[in-house]
Amino acid sequence: MPARRILLVDDQREVTRLLRTSLELLNRDYVIVDVPSGEEALLEVQRTPFDLLVTDVRLPGIDGLTLINRVRRANAAAKIILITGESPQTIEAEVKRIAPFAYFSKPISTDKFLDAAQDALGEKTAPAKIDTPANGSPAISDRLASLRRDLGALAVFLADLDGRVVLSAGDIARLDVTAVLQPLVTTFSASLKVCSLLGGLVPTNVQFFDGDDYDLYTLNVGQFFLLVIVFDGDRGGTAMGAVMRFGRICADDLLNALAEIGVEEALRKPAPAPPAPAVPPIPDTVLDEVLKKTAAQDVHAFWDAAAEEALAEETKANALSFEQAQKLGLVPKELTK
């Protein structure tokens, strides 16, 4: 199937840059051309037909409505997305007459724009059907499989903090998953610590690891699981936008599923403290003997200390100062010289 061609027309370069980048991050191999005027857009249309025209209403030279009419005469199958910075009420009649596939006011929501663009091109992926068991929790394995299909990944794993694969979709014979998961878990735990230091209450981390044979993305699923997405080494780097969007949605879905079946909440609860070791009771006869000895020692020590203190006070009270002894003639004369 040939690549779909998209023509973006707006004299505000930041708008076309935003729309182009958003479309490129879908990793759908679109051919995207952007021009600032209706006249340049018509030249591009004459060179080759486009599947989707995205144009502003007000343009320098011919306006977007005139451009749409001319494009439709040349290619009636082309889908139109109309955007404007004006109040919708001022061009409501014109919009109804043109009947574009979609219509957006600036500033544009990129998520809604991308949904409309994929709908217009017939490439929007239908929401994955998730089985719901009797307990009400989604089938996590089906969600992993749908993510793998949406991203075109080789494999998708849900792993725990012990480096064990809980569930997976796809398989890679040449990749030692167990060996890879150990350092990934270490990195995962460190990233949560960094988020905590930054004040992040609900981390939504995405990490990319570039390799020659394989590329890996990891996304945290709460605080106790990580989602690992494996791509071919030549393709992983170009899938970053899709992973950031669809992978993060999948990680949130998995977290909700784990919470529904009580896994996440159970892991949040601290483990009960181990009971203190039992201390055998001391026999009464031994305890009585110890108390008798201690009491006797304390009594003797008390009276010995009291006697020494009293003697010291008495000695101090009967003592004469040097001056008093000198006046009484008790000090030899040679000591007074």
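Some observations on this one:
- For region 5-120, the fraction of C-alpha pairs more than 16 angstrom apart is 55%.
- Amide proton proximity set for residue 221, modelled H, under 5 Å, gap of 5+: 226, 227
- Modelled FRET efficiency - R0 35 Å, residue 40 with residue 240, Cβ distances, 0.05 increments: 0.70
- Centroid-to-centroid separation of region 40-83 and region 191-253 [C-alpha atoms, Å]: 39
- Taking amide H as placed 1.01 Å from N in the peptide plane, residue 63 has no amide H partner under 5 Å among residues 5 or more places away or on another chain.
- Region 59-71 - phi-based ³J(HN,Hα) in whole Hz, Karplus 6.51/-1.76/1.60, Gly and Pro as x: 9, x, x, 5, 7, x, 5, 5, 4, 4, 4, 5, 5
Bear in mind that the values in this text are calculations on the coordinates, not laboratory data. The shown structure was predicted, so the numbers you read here are calculated from the model rather than taken from an experiment. Positions of Cβ are backbone-derived with ideal geometry, glycine not excepted, and every protein chain shown enters the neighbour counts.
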